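The values are calculated or read from the model by the stated rules, or taken from the named source; none is laboratory data. A quick note: this is a predicted structure, and the numbers were derived from the prediction, not measured. No Cβ is skipped: glycine too gets one built from the backbone with ideal geometry, and neighbour counts run over all protein chains shown.
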Amino acid sequence: MDLRLVNLIAREQAANFPGLSGSEIQGTLRISAALLNEAIAANLAAAAPLRELTVQPRGGNHLDVRVKLAKPAFLPTLSLTLLIERQPQLPADPVLVMKLSGAAGIIGLAAPAIMSCGVLPPGVRLDGDRVLIDLRTLLQRYGQAALLDHAEQLQVMTEEGRLVLFFHARVRPSS
């Protein structure tokens, strides 16, 4: 991409998109399991406490997750299922809540250790049998948290083999 265009987009974003004032967009993204897992693998640091993390979306807002910790190496791969329980309430509460099943008992017992050893990235935390994902905190890692200021709705759903994101965003007119 031409550097002038990159700079123009960065300048617009930094100024809260004045050149797009009054614009509105909505859409649906269907992300294949292969693309989702490639993105996850690209974000796992080589020195991360996770050796492997794969997600397989299932119908009915279920995700099958396989987790292999790097240390201790003798621990087996954990298989669990996440059920999308509560959608983010934008803009006030950008937290996606998922309920654990499968190895939930083991995870619940291990939650303090998991939290203390840094297995979970900033913005993801365990609360009993629930996984809370703070989208604002996750986006901060990439310098994109301000995009949520324009989001009016975000729904995370699943289909067999795909994660589905429905979004609606608006750039409010400048005052």
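Observations on the model:
- Tabulated pairs, the stretch 155-175, first under 23 Å from Q13 (Cα atoms), second of a type in the set (S, T, N, Q) and in a strand (DSSP E or B), C-beta under 6 angstrom, 6+ apart or interchain: F166/T28; F166/Q155; H168/Q26; H168/Q153
- Looking only at the stretch 87-111, and only at residues there that are at pLDDT 90 or above and of a type in the set (V, I, T), the one that is farthest from G161 (Cα to Cα): V95
- Of the residues L80, L36, the single one that is outside any strand (DSSP E or B) and touching a strand residue (DSSP E or B) at 6+ places or on another chain (Cβ under 8 Å) is L36.
- Subset tally (residues that are more than 11 Å from the chain's Cα centre (by Cα), over 16 Å from N16 (Cβ atoms) and assigned to a helix (DSSP H, G or I)) for the stretch 124-154: 1
- When each of E38, E12 is tested for being over 20 Å from the mean Cα position of the chain (by Cα) and modelled with pLDDT of 90 or more, the lone residue that passes is E12.
- Of the numbered criteria (1) of a type outside the set (F, W, Y); (2) outside any strand (DSSP E or B); (3) under 21 Å from P121 (Cα atoms), the one T54 fails is (2).
- Options I133, I114, I84; residue that is surrounded by 15 or more Cβ atoms within 10 Å (Cβ to Cβ) and at pLDDT below 85: I114
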